[in-house]
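Heads up, the thing below is written out as structure tokens.
Values in this text are rule-based calculations from the coordinates and carry no lab data. These numbers were taken from a predicted model, which means no experiment stands behind them. Glycine also receives a Cβ, built like all others from the backbone with ideal geometry; neighbour counts cover every protein chain displayed.
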Amino acid sequence: MKTVFVGMLLVCALATQAQKPEVGIAAQLDLYSIKGDGIQKGFHAGFNTGIYADWNGYRKWHFQPQVLFTQKNIQIGSDFNDKFPDVSLASPQAVATLRGVTVPLQIGYEVNEKFSVLAGPQYTRLVSADEKLLRDDAKAFGKEDWGITAGIQWKLSKSFKLQGRYDKGFSNLNAFSDQRPWKSRSISFGLTYKIL
């Protein structure tokens, strides 16, 4: 996945180097979930906010990278102690909050003047975590998440676009157990506003 991510970035950078990009800001409601033992099922609300660029490419194709600050909220399952009795605190924190930086690299195709579909690889780096789950102040969540993203974009006006996308992580976010992996997924909805 890392090779695909870097390769796509280089190819798109070379293909669009002569183009002037559209640049703007993005804000999204993020419904986030981690699937795995000790984590409550379901999606929980967080947010993404940051900047994007959009280069027009060949015909109806375009390249849209984003750099987003993210906050993810995770509900810890009532069975966390039962699943991890050797490492968990007697009373683990009920909610963990993860803050990080997410970089989706999306290739878009314009179906018509208003509507586009987008997809590509995505990388998330954990910056900080409000979590008290394990003994000896050990960290429960991994620092990196490599995955893919796919979604749609609707042009509302010259400046505003409505976006929706689905993200799926491939990395194990469980930092203390390879035998019981945690995998992420999220659904986000939001707006972009063109600045340049």
task = Examine region 95-116 for a residue that is over 23 Å from residue 27 (Cα atoms) and either touching a Phe, Trp or Tyr at 6+ places or on another chain (Cβ under 8 Å) or basic (Lys, Arg) (or both), and state whether such a residue exists.
result = no
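Okay, residues lined up against (1) closer than 17 Å to residue 65 by Cα; (2) among the basic types (Lys, Arg); (3) within 21 Å of the chain's Cα centre (by Cα):
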| position | (1), (2), (3) |
| --- | --- |
| 107 | yes, no, yes |
| 125 | yes, yes, yes |
| 129 | no, no, yes |
| 181 | no, no, yes |
remark   = Considering residues that are surrounded by 15 or more Cβ atoms within 10 Å (Cβ to Cβ), of a type outside the set (Lys, Arg) and either within 19 Å of residue 65 (Cα to Cα) or in contact with a helix residue (DSSP H, G or I) (Cβ under 9 Å, 6 or more places away or on another chain) (or both), the number found within region 138-163 is 10
